[in-house]
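Below is one structure, written out as C-alpha cells, with a few remarks after it.
The values are calculated or read from the model by the stated rules, or taken from the named source; none is laboratory data. Quick caveat, the model's predicted, so the values are computed rather than measured. Note that each Cβ is placed from the backbone with ideal geometry, even for glycine, and that neighbours are counted across all protein chains shown. Note: areas computed on protein heavy atoms with side chains; ligands, DNA, RNA excluded. Shrake-Rupley method; radii C 1.70, N 1.55, O 1.52, S 1.80 Å.
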2 protein chains.
Amino acid sequence: MTEPTKYLLDESRLPKYWYNIAADLPVPLPPVLHPGTYQPVGPADLEPLFPLALIQQEMATEREIEIPTPVREIYRLWRPSPLYRARRLEQALGTPARIYYKYEGVSPAGSHKPNTAVAQAFYNKEAGVKRIATETGAGQWGSSLAFAGSLFDMEIQVFMVRVSYQQKPYRRALMETYGATCTASPSMETAAGRAILAKRPEHPGSLGIAISEAVEVAVQRSDTHYALGSVLNHVLLHQTVVGLEALAQLELADDYPDVIVGCTGGGSNFAGIACPFLGEQLRGGRPVRVIAIEPAACPSLTRGQYAYDFGDTAHLTPLTKMYTLGSSFTPPGFHAGGLRYHGMAPLVSHLKTLNLIEARAYHQLSCFEAGVQFARVEGILPAPEANHAIRGAIDEALRCKEEGISRCILFNLCGHGHFDMQAYMDYFAGKLTDQSYDESELAMALAGLPSVPAV
Amino acid sequence: MTEPTKYLLDESRLPKYWYNIAADLPVPLPPVLHPGTYQPVGPADLEPLFPLALIQQEMATEREIEIPTPVREIYRLWRPSPLYRARRLEQALGTPARIYYKYEGVSPAGSHKPNTAVAQAFYNKEAGVKRIATETGAGQWGSSLAFAGSLFDMEIQVFMVRVSYQQKPYRRALMETYGATCTASPSMETAAGRAILAKRPEHPGSLGIAISEAVEVAVQRSDTHYALGSVLNHVLLHQTVVGLEALAQLELADDYPDVIVGCTGGGSNFAGIACPFLGEQLRGGRPVRVIAIEPAACPSLTRGQYAYDFGDTAHLTPLTKMYTLGSSFTPPGFHAGGLRYHGMAPLVSHLKTLNLIEARAYHQLSCFEAGVQFARVEGILPAPEANHAIRGAIDEALRCKEEGISRCILFNLCGHGHFDMQAYMDYFAGKLTDQSYDESELAMALAGLPSVPAV
C-alpha cells in the first residue's frame, strides 16, 4: 500500500465547535459603527436583519462556539470534506514540496458556501423567520442559500447581479431547482433598484446594488431576514469547520503546514482554512506563513485603504473598518465573480494589519493557466476563484524547488468550476486578458470614503 | 452520535479485483459473431480496435481480474466513492424502507464513466497506443476518457453527436480543458461521416454514426485505438468496482439489499452495481431483486427483440446478441442522452433472459419530478439519467409504505447533473413532454435486423 492520496475523517470526527479567533487576537477588532452616529452598533441595530444568535456570534469573544446538532446533521451530507495530497501535481512540478488541498467542491452546491448557508438558515428558522433575502454575484452563494433553504423549508429570495443573471442561466436553474426565487438586480421590487433603473434602465448591476436590494427587503418585510455569504464575523466563524478538519487530517498525515494559501474575495474561505492554524500559533503553537491571494483587478488587501466604509452601494449597511477600494469602486468584469467585492472582511483586514497574514495579487491569465495544469494532473476542474489559490500554491512549490527545501503547503480548493465553463472557453479561445482597474476610478472611490471621526 | 449519513471506506479498502460474473453464470453468454462469416470472432478480429488485455477481459471467464496498481492509484483520486443512507428522502416519503445510494458523481468527470475510462487508457498506454478515438452523446463518456487521457498523457479524439456538440458547449469545454480534441459528428474526417453529410449536410448526428466514425479512425490509423464507454463486457467488468465497494459499505451499515435499482442505457452503471450482488446470489448467497429502469422513449429491454444486431449505424462492428430496437432506430431527443442507445449490453440482456433481473420503462417527466424531489431533500442535483434510478427507488419505497414493509433498497446515483441544467430549465419551463418513439419506425428498425443463421 502506497501513501494515501486523500485523508478522510469519519462523520464522528466532524467538529463539534466552530473556532472563534477573536478569543486569541492580541488586539481586538475595531467596533462596527452606526453610519449616522458613528457610535458602535448594538444588537438592536442589527435585529431587523439577523436573528439574535447570529448577532451574538458576530460579537462573540469565546473561543469555541458549539455547532448545533441539526447543522451538524446537514454538514454530514458532505462533511468532513476530503484533504488531498496533490501527489500528481508535486510530480508534474518536480518540487520537493508537500502540497495538500482541502476540497470544498464536494458540497451539494459545489463550494464552501453551504458551511455558513446551512448555519444561517438554521438560526433564522429557529427564530421563526420564514423568508431570507440575499444577493449573489457569480451564484455560488445564492445556490448555497437556496440549498439550505430547501432543507429547512424556508423561502429564499436571491437578488442576482443582472449581468450574471443573463450570463449564467444554469446557476439560476440550480437555485430554482432548490426552490428559491431568483430576481435580476437592479429590480423594480425595491426603492434602491427602482432608483437605479430610472437613471439607467439597462444597468448591468453590481454586488453592492444587490446587497442594497436584499437589505431593503429584509428591513421592510417583517417575515424576512437578510443573509450575507462572506465578510461578516459569523460567516467566517462558520467556515472554520474547514480548517479544523484540515488540522485533524494533517495529523493523520503526520504533517503540519509551513505555508497556507487561500483566495480572498470577501475573505470567508480563506479565513475558514487559516484561522484554526493561526489560533494554534497565537496560543504559542507552531507558526505558519499565511498568504491571501486576491485578483489584481480588485486588490483590496494590496491596494485598498484600511478605513471605515460601507458594505453596499446604497449605504444601507453599518460602517466596518476594512481594507477597501471604496464602496463605489466597480472592478472590471473578470471571471472570478466571487472575488469582485470592493472590501475585505474586517477580520481578515485586521489580521493583515497585525502582520499575521501576507497578501499577493494575481492577474487572471496566470490563474487560469494554473487551474488547467491542476485539472490535467489532479482531475478536479476548479472554480476560477480557486485558481487564484492554486496559482499561489504552485508558486510557493516552485520556490521550494528553487531553494531545494521541502515545505508543507496547504491550500483551500474552495469549489469546482462546473458552472464556470464559459470562463474556460473564453480562456482557451484567447478572449481573456489581464484586465486592470481604472486608476482614476479607484482614486475617486477612495476619495469618497466616509470621513469618520476618530473613536 | 446518530446513525451515519454516509459510509466511507478507506483507500486501503479499494477493491483489488474486478468481479467477472461470467464465472458464475448458469448459462454462458452467446458468442460475438463476425458479420461476414457469422462465425465467433477471435482476438485477432478485435486487435485493430483494442489492446490484447481488454480483448482477453472481453472473453474472460475467471471470477476475479486484478485491477492494475496504476489504475488503483488513479481510482484513489475519488474512490472508494461514498455510500449514502438517504435518511431525508425516507423521511420525506414517510416510508419504512431503508434507502441507500452509491454516489458516483464524486469522480472528477462527474459520473461512473472514469471507472472504465482510466482502465482502458491504462491498457492502451501499456500496449504502446498513442491515440484513442471514441464517440460521446451527452458527453459524460467523452469527458471521462478525456480525463483519463490527460493522466496518461495520451491523445483523445472524441466524436460528439452534432446536436449535443451544439447544445452542450460546456461538456465540450470540459473535454478540451483535459486536453482532448472534440469533433462534431458526422464530420468530414471519415468516409462514414462524409457519406452522411453528402446526403444531408445539416445532419444532427447520432450515437450510432459517431461510433462508426471513431471505429473507422481506429481501423485506419495504426497509432489509434477505439474505446467504448458502455455495452461491452470489459466495460461492465470495470464498473463492478461500484458494487464491490457497496457490498463492503453495506456490511459496515450491517444491512443487505432486498432490491437494487439502476438506470440502463448501454447498461454499465447498472451492471456495475448489480453484478457483485447477483454473484453472491448465484453462488448460493442471499437472493436480491434487481430492477433495470430504462427510458420509455428508448425501451430496448422492455420493447426490443433479443437478437443479433450491430452496435453502430454503418455496421462496422461485430454482431452481438442483445435486446435491441434495431441499429437504425432513432429515439426521440429526450434529456437523458446517456440512455439513448438502440441496444442493451449483451451481458445485461443475457441476465434478463435468465430472469436474474427485471426491467421497467419510465417516461421522463416523472423522472425529473423524482430528481427535483431528491435534490431538495438530499442536496445532490442528479443527472437526468440518474433520475430514472431515483424514480425507480422512490416507487419501490412507496410500495414498502403501502405494504408496511421495511425493505432495504440500494440504487446507483451514477452522476451529477451540473452539465445538464438546460434539461432542468426546460422541465421547470414546462417544455418537456413524455415523448414516445414512432411505432412504425420501431417496426421498420426491427424488420431490418440482420438475419443470422442459427449457430
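Multiplying each eigenvalue of the alpha-carbon gyration tensor of region A:1-156 by 5 and taking the square root yields semi-axes of 34, 21, 16 Å, largest first, rounded to whole angstroms. Placing a label point 7 Å from the Cα of B:Ile405 along the Cα-to-Cβ direction, the distances to the matching points in the other copies come to 6.7 nm, shortest first. The modelled label-to-label distance for the pair B:Thr433/A:Asp223, using points 7 Å beyond Cα in the direction of Cβ, is 3.7 nm.
The figure for A:Met444 is an accessible area of roughly 140 square angstrom, using a 1.4 Å probe on the protein chains alone.
Here the average projected area of the convex hull drawn through the C-alpha atoms of region A:155-223 stands at 4.4 nm². Carbon-plus-sulfur accessible fraction, region B:317-400 (probe radius 1.4 Å, protein heavy atoms only): 48%.
Please compute the length gained on full extension between B:Glu251 and B:Leu52, using 0.36 nm multiplied by the number of residues separating them and subtracting their Cα-Cα distance.
Details: separation 199, 0.36 × 199 = 71.64 nm, distance 3.60 nm.
Length gained, B:Glu251 through B:Leu52: 68.0 nm.
Label point of B:Asp223 (7 Å along Cα→beta-carbon): distances to the other copies' equivalent points are 6.7 nm, sorted ascending. Taken over the C-alpha atoms, region A:395-436 has Rg and Dmax values of 15.7, 38 angstrom.
I want to verify the translational diffusion coefficient of region B:227-306 in µm²/s; compute it with Stokes-Einstein, Rh as the Kirkwood radius over Cα pairs, at 25 °C and 0.890 mPa s. Mind showing how you got there, number by number?
Values: Rh = 13.4 Å.
Taking Rh from Cα pairs, D becomes 183 µm²/s.
Over the C-alpha trace of region B:162-321, radius of gyration and Dmax come out as 19.3, 60 angstrom. What separates the A:Pro48 label point from its copies, with the point 7 Å along Cα to Cβ, is 7.7 nm, written shortest first.
Expressed as a whole percent, the accessible surface of region B:45-97 that belongs to carbon and sulfur atoms is 46, based on a 1.4 Å probe.
Principal-axis analysis of the Cα atoms of chain A puts helix A:114-126 at an angle of about 40° to the longest axis.
Which three numbers, in whole Å and largest first, are the semi-axes of the equivalent ellipsoid of region B:100-171 derived from its Cα gyration tensor as √(5λ)?
Numbers: eigenvalues 83, 64, 14 Å².
The answer is 20, 18, 8 Å, longest axis first.
Shown here are the Rg and Dmax of the Cα trace of chain A, at 20.5, 67 Å.
Pairs of Cα atoms in region B:253-377 fall into 10 Å distance bins, from 0 up to the last occupied one, in shares of 13, 40, 32, 13, 2 percent. When the alpha carbon coordinates of region A:359-402 are projected onto the principal axes, the ranges are 26, 21, 14 Å, largest first. One equal scatterer on each Cα of region A:327-388, no solvent, Debye formula: the resulting log10 I(q)/I(0) at q = 0.16 Å⁻¹ is -0.68. Burial of accessible area (probe 1.4 Å, heavy atoms of protein chains only) in region B:9-47, relative to its chain alone, reaches at least 30 Å² for B:Glu11. In the protein assembly as shown, helices alone account for a calculated mean residue ellipticity at 222 nm of -12500 deg cm²/dmol, with every DSSP H run of four or more residues adding -39,500 (n - 2.57). What do you get for the angle between helix B:364-378 and the principal long axis of chain B? Use alpha-carbon atoms, 0 to 90 degrees, nearest ten. Roughly 50 degrees, rounded to the nearest 10.
The alpha-carbon atoms of the protein assembly as shown define a convex hull whose volume equals 160 cubic angstrom per residue. In the structure shown, the pairs B:Lys113/B:Lys352; A:Lys102/B:Lys102; A:Lys321/A:Lys352; A:Lys125/B:Lys102; A:Lys125/A:Lys321 are assessed against 20 Å; a Cα-Cα span above that value is assigned to B:Lys113/B:Lys352; A:Lys102/B:Lys102; A:Lys125/B:Lys102; A:Lys125/A:Lys321.
Roughly how many Å² is the accessible area per residue of the protein assembly as shown, as a whole number, for a 1.4 Å probe?
Roughly 34 Å² per residue, with all protein chains present.
The rotation axis that maps chain B onto chain A passes nearest to the beta carbon of this chain B residue, listed with its distance in whole angstrom: B:His418, 2. Applying the Karplus relation 6.51 cos²θ - 1.76 cosθ + 1.60 with θ = phi - 60° to region B:320-330 yields 3J(HN,Hα) values of 10, 8, 7, 5, 9, 9, x, 5, 9, 5, 10 Hz, where x marks Gly and Pro.
Treating each Cα of region B:365-447 as an identical point scatterer and summing with the Debye formula, the log10 of I(q)/I(0) at q = 0.11 Å⁻¹ comes to -0.40. For the chain pair B and A, the buried solvent-accessible surface (1.4 Å probe, both sides summed) amounts to about 4200 Å².
Annotation for region A:175-227 versus region B:102-163: alpha-carbon center distance of 43 Å. Indicate the gyration tensor shape class of region A:202-258 (rounded, prolate or oblate), computed on the Cα atoms with a ≥ b ≥ c the square roots of the eigenvalues: a/c under 1.5 is rounded; otherwise a/b larger than b/c is prolate and the rest oblate. Prolate is the answer for region A:202-258, as a/c is 1.5 or above and a/b outweighs b/c. Prolate is the label for region A:1-65, because a/c, from the alpha-carbon gyration tensor with a ≥ b ≥ c as root eigenvalues, is 1.5 or above and a/b exceeds b/c.
Spin-label model, B:Gln281 to A:Lys16: label points 7 Å out along the Cα-to-beta-carbon direction sit 4.4 nm apart. Extension gain, B:Asp153-B:Lys401: 0.36 nm per intervening residue step, less the Cα-Cα distance, totals 84.1 nm. Kirkwood hydrodynamic radius, computed over distinct alpha-carbon pairs, for region B:121-240: how many Å, to one decimal? The answer is 14.2 Å. With respect to chain A, whose longest principal axis is taken over its alpha-carbon atoms, helix A:384-403 is tilted by about 30°. Between B:Lys130 and B:His34, the modelled labels are 3.1 nm apart [label points 7 Å from Cα along Cα→Cβ]. With equal scatterers on the alpha carbons only and no solvent term, can you work out the Debye log10 of I(q)/I(0) for region B:317-455 at 0.15, 0.20, 0.21 1/Å? Listed by q, the Debye log ratios stand at -0.91, -1.28, -1.34.
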